[in-house]
Each structure stands twice: as structure tokens, then as C-alpha cells.
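What follows draws every value from the coordinates through simple rules; no lab data is involved. Computed from a predicted structure; not experimentally measured. Glycine gets a Cβ as well: all are built from the backbone with ideal geometry, and neighbour counts include every protein chain shown.
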Amino acid sequence: MSIMNMKNIIFILSLTLSLACHAKTINDSLYIADPINKIVLDDCDACGCAAGNGSSGFESLLNPQFIGIKYFAQHYKAKENLFVKDLTQDQYFNTLQVWGKIPLTEKLSVYASLPFHFHEKKTMQGDININGIGDLNLMGIYRIISSKDNFHQLNGGLGVKIPLGKFDEKGASGVNPSFQLGTGSWDYQAALNYKFQKNKLAVLINTDYTVKTENKKNYRFGNQWNYAATGFYQLAGNEKTIFSAKAGLQGEVYDKNKQFDEVLPKTAGSALYGKLGFEASYKRFSLGGEVMLPAYSNLASGDIEAKSRFSVFINFGI
């Protein structure tokens, strides 16, 4: 890893510590000292296209206010080029990001994430690596419904993705156009999340839709729809320490990409993952991980196959 990359990572870590030290805690109903409410799910933005971009992870927005760091890894198999049949090329998407959620009022809060990507694909001509800052995500979240018994909660969100990551026009012409640091475009998201929680058990159902716009290179990635259902159960815990497990399904659907307003073939697709994970927390600190394996994959008309995903995070409650 180059000196410049190390500087970028150090910047991200320093930003995290600075925000954690200066953030102001708001003691309202957004913060519920409940073990299941502290579970944090994935929030990935590898680039925002048909392969290499996980769901927005709107589930994580139900957690109390926090600041943290997360590592997210994805593995895909792809054709070496458009003229071969076998999926022989391994592609690895890796993301280290700062993320957090800070309440502004009793019902309104702001969520943000800033990723640093380091991606790799192994070609017959040698390994190709790209790394750098990705696109900044910002979202406002509003608590629409919260039952008096706290069993039910409905949240909605509107967000924007700011194009800080580099978009490479040449890279978009390959089998996987999402081998990028960013989309190069301003993208907009709407999200909805429902939570049912009682005692040690909780169920989260979420969906979000991202509208992607054309970038300066006249390239437009297809719009994206994500959905997920996840169950949680607290296995052990006391006043200071909690251990919980989770399992569920997560799906992603991608529309076709366009260039100069012309539809590009083999750029749409969908995938469905099964996932298992855990979280262990001590006081304000939490550590968690998750593994995802595809139950179904149909990306780029079969030219790309989803393999596995893995994530781990450490958060600090503020």
C-alpha cells in the first residue's frame, strides 16, 4: 500500500476519533438502552452499479447514535473478457469506511458514511488494483411511527450520494463496469424500514431505492432496488455486556446502465444472499461481523457471479 493510501486511511481514522470526541449526546427516545437496538448491519457503497455494490444497509439507521469504522469485503467471479465462456477472473472489492448517525431532534437524525476503497481483479495479464476515497453518503432519517409499547417502529429516509470517488471511463467498458471508486454522479435515495421488537427477539424489514444520474462522461449506472429481512436474538447479556445473533435474507436488483442515453447490454441483474452474523458489546463499544453467501445470482446476463461477502465493524456510542 502506497504512502498516499496510508495517509488517506490515517485521515479516516483521525476523522472518526474527532467526531466521537466532539459529538453531543441527545438523550431522547432515539436512544433506547436495548441490546437488539444496538445491532449494526451492513452499509456498503462499493460503487453503485451492477456488481460490487451492496445494499445501503438502511437497517443500521435504527441504532442509537454512534460513530464507527467498518471493513466490508466482496468477492465476484467474472469472464476474463467478452469473448470467453468461463468465469475465470476473481474480483475483490474491499472497503474501509467511517460511518455514523447523529440525532438532531427527537424524531430526526442524520446518517453519513465516507468509504475508502481498495479493489483488485486478477487478470491473465496480471493483477489490477485501484484504491482511493469513494463517494460520500448523507441521509436524513425521520421516525414516522413508534408504538407506545415500543413493539413497532417505522422509519423513512431521503439521501444523496456525493461523487467524491474517481470514475474511470475505460474501466466502465469491461465485463464489470462497477470496478470503480465512484459513479461520478449525484445519486438520490429513498428508504423505508420497519422494526418489530419484543423482549430478546426483533425483526427488521427494509427496502430502499436509488436513482442514479448521468455523470460528466455521459455514463449512467442503472437504478438500484434493495430489500432485506433480518431476525435478531439476544443470546446472553447483563448491564454491561451483550451478545446477539442475527440471520436473514438480502436481495438486490439492478437496472441497465446507459452511455450517451443508449442502453448497454449485459449490465442489469439481481442477486439474493443469505446472511449470518453477531454482535458483542461492552458499555458503549460494540464489535460485530457478518457473512453473506449467494442463494441466487444473475448479474450481467451470467458474465458475473456473486460469491461471498464479509464485514466487521467497531462502533462507539455517542
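The fewest-to-most ranking of 254, 296, 111 by surrounding Cβ atoms within 10 Å reads 296, 111, 254. For the pair residue 84 and residue 249, the difference between a 0.36 nm per residue extended length and the Cα-Cα distance amounts to 56.2 nm.
By the rule of a C-alpha distance below 22 Å, with chain neighbours fewer than 8 residues away ignored, the lysines paired with residue 256 are 77, 79, 85, 161, 166, 170, 212, 216, 217, 266, 307. Packing-based ranking of 195-204, 306-315 yields 306-315, 195-204, ordered from highest to lowest mean Cβ neighbour count within 10 Å. Spin-label pair residue 152-residue 314: with each label point 7 Å from Cα along the Cα-Cβ axis, the two points sit 4.0 nm from one another. Under a 5 Å amide H cut-off, with hydrogens placed 1.01 Å from N, residue 136 pairs with 162, 164, 165 among residues at least 5 apart or on other chains. Residues 71, 282, arranged from fewest to most other Cβ atoms within 10 angstrom of their Cβ, appear as 282, 71. The order of the peptides 148-160, 205-217, 169-181 by mean Cβ neighbours within 10 Å, most packed first, is 169-181, 205-217, 148-160. More than 21 angstrom separation, counting every C-alpha pair in segment 229-318; what % is that? Of all Cα-Cα pairs in segment 229-318, 49 percent lie more than 21 Å apart. Using θ = phi - 60° in the Karplus curve 6.51 cos²θ - 1.76 cosθ + 1.60, the 3J(HN,Hα) couplings for segment 219-233 round to 10, 9, 6, x, 4, 9, 10, 10, 8, 7, 9, 9, x, 10, 8 Hz; x is entered for Gly and Pro.
Taking each residue as 0.36 nm, the span from residue 199 to residue 301 lengthens on full extension beyond its C-alpha to C-alpha distance by 32.3 nm.
Extending 7 Å from Cα along the Cβ direction at residue 272 and again at residue 123 yields two label points whose distance is 3.5 nm.
Scanning residues 5 or more positions from residue 295 or on other chains, those with amide H under 5 Å from its amide H are 272, 273, 274, with H placed 1.01 Å from N in the peptide plane.
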